[in-house]
1. Looking only at residues in segment 70-95 that are touching a strand residue (DSSP E or B) at 6+ places or on another chain (Cβ under 7 Å) and of a type in the set (D, E), which one is surrounded by the fewest Cβ atoms within 10 Å (Cβ to Cβ)?
2. Give the residues of segment 86-101 that are out of contact with any helix residue (DSSP H, G or I) (no Cβ under 9 Å at 6 or more places or on another chain) and closer than 19 Å to L134 by Cβ, sorted by residue number.
3. Select from segment 68-103 the residues that are closer than 17 Å to S41 by Cβ, in contact with a Cys (Cβ under 8 Å, 6 or more places away or on another chain) and either part of a strand (DSSP E or B) or free of Cβ contacts under 8 Å to residues at least 60 places away in the same chain (or both) and list them in ascending order.
4. Residue check: is A107 over 19 Å from P177 (Cα atoms), modelled with pLDDT under 95 and hydrophobic (A, V, I, L, M, F, W, C)?
5. Would you check if N203 is within 15 Å of the chain's Cα centre (by Cα) and modelled with pLDDT of 95 or more?
Amino acid sequence: MMNFCDIKLKDDPSLISRRMIRLGNTSESNGIRIMSWNICSEALAIHYDRFDTISADDLHWSKRVWKIVVEVLSYSPIDIICMQETNQVVLCSTFKHIESGREVCVATTHLKARRGPILSVFRNEQGKDLMKYLAKKAKNIPLVLSGDFNAEPNESVYKTITSQMVSAYKEGLKDEPIFTTWTKRQSEKELKRTLDYIFFTKNHFKVTAIVSPESQQLTKPMPNGNYPSDHLSLITHLNFIN
């Protein structure tokens with residue numbers, strides 16, 4: 001598949017690469033690898049976002065699909081892929097880990113976008129409702145919640161969620177990434193913000209690896225010829241705590 005993608009992309013700029021950061025000497029055999037990624041809706045990007053960094057023609061799915069596939073394959077094997085801007089408010093499912101027989105509840109969400117105090121309050125209410133729903137859905141089994149929360153770490157919804165769960169990237173890096181989205185829209189300033197997260201229940205998992213949110217090849221706002229979305233993908237490996 002990667003060779004096929006290389007053929008499809010032979011005339012395109014090289015895609016950025018990021019390294020996998022392994023934390024400590026812990027094996028990754030007893031757990032799950034999860035990707036969370038807002039892949040950038042074609043309709044929203046072309047008709048609403050008005051990105052300065054890429055042509056409308058290059059935002060079409062046919063131009064980006066193989067770059068998205070390469071991003072996924074670059075960090076494989078991935079057990080669960082959670083994508084946003086695929087028209088969902090929240091998707092939730094329970095999986096059974098084959099090797100250990102343990103059940104895992106995984107949810108992904110995309111909260112209300114745009115800045116402002118009213119929208120911040122609205123996102124927090126969404127977060128409260130989401131946590132109530134997941135408490136009933138997951139009960140006492142391991143829980144992972146990922147997504148584009150459209151909220152920086154200083155927003156109330158982040159505090160609402162982290163009162164019950166922990167962020168994989170903060171656990172691994174000791175702080176959230178400097179940014180997970182970097183954009184330049186027409187007639188607007190560049191924006192670098194952290195809006196994307198993978199949360200998990202700390203009594204069930206330990207972070208053993210994460211894909212770095214940084215790359216020396218990422219030198220301009222996204223999406224662009226080197227990256228197919230305005231959001232970076234997040235990938236983490238979570239080991240079960242016995």
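The values are calculated or read from the model by the stated rules, or taken from the named source; none is laboratory data. Worth saying up front: this structure is predicted, and the values here are computed from it rather than measured. Cβ sites come from the backbone with ideal geometry, for glycine too, and all protein chains shown count toward neighbours.
1. This residue is D79.
2. Q88, L91, S93, F95, K96, H97, listed by residue number.
3. Correct list: L91 only.
4. no
5. The answer is no for N203.
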